[in-house]
Amino acid sequence: MRHFSVMQLKRGFSVQAEKEYYSRPPVVFPGYRGLLPYLKLLHPNPEVLFAGKRVLDIGAGECVYTGLIANELGAARVVALDLMRDRMLPAKQSLPPLSVGFVQGSCYNLPFQNQSFDVVFGDLVLHHLPGLAAVISEVRRVLRKPGCYVGLEPNFFNPAQIISRFFERGSDNEYALWPSLVRKEFRHCGFEDVEVRYVWRRLPSLHNPLLSSSVAISARVLA
C-alpha cells in the first residue's frame, strides 16, 4: 500500500504531487445537490453548526460544501480555501459573492488573522496532510472562542477502503488517518470535546468501525 508508507509521512506534503493529481480543473460548478445527508452525519440539524457563523472551508476543492453551507444552512459568511486556484473558479462564477469568499492558500499557513472564524470545516482533507499537528495548530489559531472544527474523513478500518488503495490511483499526499491520532493531535493543540465517530450515510444509526465508510470529527475551542 504505497500511499500509506512511513517514508511518505517523513517526506511530508508535496505541492508538486498535488498539482499533478489535480491537473484537470473542473469546467463547471458541480453544485451541491445530495450533500446534505453527509452533513447530517455531523449533526442531525446542520444549521445548528453553521447558521449565523463565519465559516472557513479548508481544502474546499470544487467548493460544493461551500455552496451548501452558504446557500442552504444560513452561514453569515463562508470562505473557501484551496491550494489550487483553478479548482475554485467555476464555483466563484456561480456562488453569490456577498456570502462566499475564495482564497488560494495552504492549510499549513492559513492566510487569515487570529480568531477570524466561528467554524472550520473540512471534507476529506486531513488525511491528505502529513504533519497533522501543524494544520490543527493553524485551525486553532483562526478560530474564535467558542468555536469548533467539524469534518469528515475516510474510515481506514473499513476493509473496502483498504482494498480500494490496491486498485485505485490516489494522490501521493494521502495516508491512513487513524482516530487515535486525530484525538491526540486535536487535544494537544488545545481543543476540547474531541469526538471521532464512525458513520455511514446509507445507515446513519450504524457506528461500526469495520462497516462504517467514514469518520465524523468534531472538536471545540471553549471560552
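Computed from the coordinates by the stated procedures, all read-outs in this text should not be read as laboratory data. Note that this is a predicted model, so its numbers are computed, not measured. Note: ideal-geometry Cβ built from the backbone for every residue, glycine included; neighbour counts use all protein chains shown.
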Yes/no for Ala75 being part of a loop (DSSP other than H, G, I, E, B) and either within 24 Å of Leu177 (Cα to Cα) or aliphatic (A, V, I, L, M) (or both): yes
Positions within the range 196-223 being among the hydrophobic types (A, V, I, L, M, F, W, C), in contact (Cβ under 8 Å) with a residue 40 or more places away in the chain and in a strand (DSSP E or B), in sequence order: Val199, Val215, Ala216, Ile217, Ala219, Val221
Long-range neighbours under 8 Å by Cβ, at least six apart or interchain, first residue touching a residue at least 12 places away in the same chain (Cβ under 8 Å) and more than 22 Å from Cys107 (Cβ to Cβ) within the range 9-38, second loosely packed, with under 12 Cβ neighbours inside 10 Å and among the charged types (D, E, K, R): none
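Every residue, every condition in (1) under 15 Å from the mean Cα position of the chain (by Cα); (2) not in a loop (DSSP other than H, G, I, E, B), yes or no:
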| position | (1), (2) |
| --- | --- |
| Asp86 | no, yes |
| Gln93 | no, yes |
| Pro96 | no, no |
| Gly101 | no, yes |
| Gln115 | no, no |
| Val119 | yes, yes |
| His127 | yes, yes |
| Pro130 | yes, no |
Residue satisfying all of: in the range 168-190; in a helix (DSSP H, G or I) and among the hydrophobic types (A, V, I, L, M, F, W, C); farthest from Arg141 (Cα to Cα) among these: Leu181
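Given the structure, is Asp193 loosely packed, with under 14 Cβ neighbours inside 10 Å, in contact (Cβ under 8 Å) with a residue 12 or more places away in the chain, outside any helix (DSSP H, G or I) and acidic (Asp, Glu)?
On the way: loosely packed, with under 14 Cβ neighbours inside 10 Å: yes; in contact (Cβ under 8 Å) with a residue 12 or more places away in the chain: yes; outside any helix (DSSP H, G or I): yes; acidic (Asp, Glu): yes.
Here the answer is yes, as Asp193 does meet what is asked.
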Residue list for the range 147-170, restricted to those being acidic (Asp, Glu) and within 30 Å of Arg54 (Cβ to Cβ): Glu153
Residue, nearest to Arg183 (Cα to Cα), within the range 109-134, restricted to residues that are crowded, with 20+ Cβ neighbours inside 10 Å and without any contact (Cβ under 8 Å) to a residue 60 or more places away in the chain: Leu132
